[in-house]
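These notes are about the structure you will find just below.
The values are calculated or read from the model by the stated rules, or taken from the named source; none is laboratory data. Everything numeric in this text was worked out from a predicted model, so none of it was measured. Every residue, glycine as well, gets a Cβ built from its backbone with ideal geometry; the counts of neighbours run over all protein chains shown. Protein only, heavy atoms only, side chains kept; ligands, DNA and RNA dropped before computing areas. Shrake-Rupley method; radii C 1.70, N 1.55, O 1.52, S 1.80 Å.
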Amino acid sequence: AGVGLVALLELLKNSKKWSDTMTNEPCTKIVIDAANLIHDDRGIEKYDEEGEQITQMIPQRLVSTVEVCQSKGYEVSALIKYGTYMFGMIEYKSNNQEYAEFDSIIGLKESGVVKIIDAEEDDLFIVEHGLSQNALILTRDWFNDHREARPDIKWERVDALRVNTYQFIDNVFTCPTIQDITHLKPQPKKVDPLDEVKELLQAQAKEIQSL
């Protein structure tokens, strides 16, 4: 009996831990660490004369990510801090060819997908938003510099939501671990032409009867 009780207590403990980190509600939203995606230059790295890697801003990678995630049925929000957005905007308006495609980011902002975070640090905003929305968190950042300072955050849940297993193939976002959830959304009801005819005949019959 004692062993059974211990096993039961351990099971309850593990169940609580699981419930603290997971939810029965499927994730239908994705929060993107926009700066992380924009600066992801894997496969197309550039270096200066001294061999130092040059930081790039590649808008089409964020655009592709948004489009692919939306095509899989997700509601997408891309969070980016004010400083990063304004830097890209200034370079774009100064006709810097390296930022010629930044207009696509402006378009995403105008459509409401890109959201500006007016703060020096956007990591915790991304984490909090992902947790509050039960959303997948798309980033390669581990948030290690915040874990010790913010033990109140459910980091196990953050790790469960975090997705970093993505690649860019010819600048097209590819992530097989993000499942297609379009089947979870209500589909428009198919209208049977015969039903429409029947309804029309029934309406006409009622009009005749009322005469």
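Close contacts from segment 182-211, counting a first residue that is closer than 30 Å to residue 27 by Cα and open to solvent by less than 100 Å² (accessible area, probe 1.4 Å) and a second that is modelled with pLDDT under 70 and in a loop (DSSP other than H, G, I, E, B), with Cβ to Cβ under 6 Å and a gap of 6+ residues or different chains, come to none at all.
Conditions tested, residue by residue: (1) over 16 Å from residue 74 (Cβ atoms); (2) open to solvent by 80 Å² or more (accessible area, probe 1.4 Å); (3) of a type in the set (Val, Ile, Thr).
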| position | (1), (2), (3) |
| --- | --- |
| 128 | yes, yes, no |
| 135 | no, no, no |
| 138 | no, no, no |
| 146 | yes, no, no |
| 177 | no, yes, yes |
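For segment 134-150, a tally of residues being out of contact with any helix residue (DSSP H, G or I) (no Cβ under 8 Å at 6 or more places or on another chain) and either under 25 Å from residue 168 (Cβ atoms) or of a type in the set (Val, Ile, Thr) (or both) returns 2.
Inclusion of residue 3 among residues that are assigned to a helix (DSSP H, G or I), modelled with pLDDT under 95 and of a type in the set (A, V, I, L, M) is warranted.
Does residue 186 qualify as being within 30 Å of residue 71 (Cα to Cα) and either modelled with pLDDT under 95 or outside any helix (DSSP H, G or I) (or both)? Criteria met by residue 186. Residues in segment 84-100 that are at negative phi and either exposed (fewer than 15 other Cβ atoms within 10 Å of the Cβ) or not in a helix (DSSP H, G or I) (or both): 86, 87, 90, 93, 94, 96, 97, 98, 100.
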